[in-house]
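**Student:** The following block contains the structure, expressed as structure tokens.
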Amino acid sequence: MNIFILEDQFIQQRIMEKMVRKSCEELGICCSNLIITSKPDLLLFESKACANNLYFLDIEISGCQMKGLEVAQEIRKYDMYGHIVFVTTHDHLSPLTFQYKVAALDFIIKDATQDEMEKKVREVLAVAHQRKPVLDVNDWFILDNKFTKFQISFSSIYYFETTGVPHKIRLVSENRTLEFYGDLKDIEAKDPRLFRCHRAFIVNLMKVESIDKSKKEIIFQTNQNSGEARRIIPVSRQLLKHLLDKMGDRSLLNRPVYE
């Protein structure tokens with residue numbers, strides 16, 4: 001389990017860290033990563049490398065009373081099933097968490113006694129661990145090289161592309177865009193559902209909706225109800241036939257292929 005704590009007071013950081021580590025030990029929970037920070041941007045950056053995390057978010061950060069709620073909204077864009085717990089001295093803000101629609105797991109008051117806080121933390125960890133999803137290894141793309149480490153649901157990936165910066169790659173998915181250092185040929189080799197359709201692009205064949213042969217373009221499945229813009233990338237003339245063959249291999253011939 002990956003656990004993130006957003007707290008801008010040093011003493012409170014140490015208190016939360018001690019409680020979390022103690023509860024994990026008592027419950028026999030393996031904490032893969034425990035990241036504690038006062039910087040919302042750092043938490044968001046670090047947490048995008050994984051999913052289904054547990055977050056303890058102070059609502060007020062650096063004088064901004066609603067910052068933790070705003071951070072929670074950003075988290076929900078890429079970690080839909082992560083567990084969010086708000087920690088604050090302002091118990092009157094509890095009803096606001098529902099207005100932000102982030103599906104908070106719990107609400108911990110800092111002014112509670114140490115025993116009460118420890119009980120809350122222990123309960124939260126137990127619930128998060130119990131609800132931990134059983135991952136289908138075939139539905140996860142995992143990259144671990146000397147530059148970066150992250151995992152993302154394979155079914156959410158549209159494509160990978162070069163960025164113009166040497167060895168820097170951009171991953172475009174349903175929920176987020178992620179840039180990292182690596183090599184396209186290494187990425188393509190990781191899964192047979194990935195295909196190098198262009199010198200600058202690798203496509204996830206399972207997300208292809210159609211192919212425009214005349215324009216040499218790949219059109220992706222998108223959720224029209226979400227307002228997401230239609231995504232299109234090029235396919236090189238030399239690789240077009242190979243792409244069509246691959247789509248047949250992946251049993252995607254029921255999808256329209258435009259002439």
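**Student:** Which condition number in (1) open to solvent by less than 30 Å² (accessible area, probe 1.4 Å); (2) of a type outside the set (S, T, N, Q); (3) under 17 Å from L240 (Cβ atoms) is the one that E209 fails?
**Tutor:** Evaluating E209 over (1) open to solvent by less than 30 Å² (accessible area, probe 1.4 Å); (2) of a type outside the set (S, T, N, Q); (3) under 17 Å from L240 (Cβ atoms) leaves (1) as the failure.
**Student:** Of all residues in region 3-19, how many are crowded, with 17+ Cβ neighbours inside 10 Å and not in a helix (DSSP H, G or I)?
**Tutor:** 6
**Student:** Filter region 179-201 down to the residues that are in a strand (DSSP E or B) and either closer than 11 Å to L243 by Cα or small (G, A, S) (or both), then identify the one that is most open to solvent (accessible area, probe 1.4 Å).
**Tutor:** Filtering region 179-201 for residues that are in a strand (DSSP E or B) and either closer than 11 Å to L243 by Cα or small (G, A, S) (or both), the one most open to solvent (accessible area, probe 1.4 Å) comes out as R196.
**Student:** I'm trying to understand the selection: among the residues of region 28-63, which are in a helix (DSSP H, G or I), surrounded by 14 or more Cβ atoms within 10 Å (Cβ to Cβ) and either of a type in the set (K, R) or at pLDDT 90 or above (or both)?
**Tutor:** So in region 28-63, the residues in a helix (DSSP H, G or I) come out as 40-47.
From the residues that got through so far, the ones that are surrounded by 14 or more Cβ atoms within 10 Å (Cβ to Cβ) too are 40, 43-44, 46-47.
Passing the criteria: P40, L43, L44.
**Student:** Which pairs turn up if I take residues in region 33-49 that are more than 19 Å from Q12 (Cα to Cα) and look for partners that are part of a helix (DSSP H, G or I) and not aliphatic (A, V, I, L, M) with beta carbon separation below 7 Å, at least 6 apart in sequence or on another chain?
**Tutor:** Filtered contacts from region 33-49: L44/E74; K48/Y78.
The values are calculated or read from the model by the stated rules, or taken from the named source; none is laboratory data. All figures in this text were calculated on a predicted structure; none of them were measured in a lab. Note: ideal-geometry Cβ built from the backbone for every residue, glycine included; neighbour counts use all protein chains shown. Accessible surface areas use protein heavy atoms only, side chains included; no ligands, DNA or RNA. Shrake-Rupley method; radii C 1.70, N 1.55, O 1.52, S 1.80 Å.
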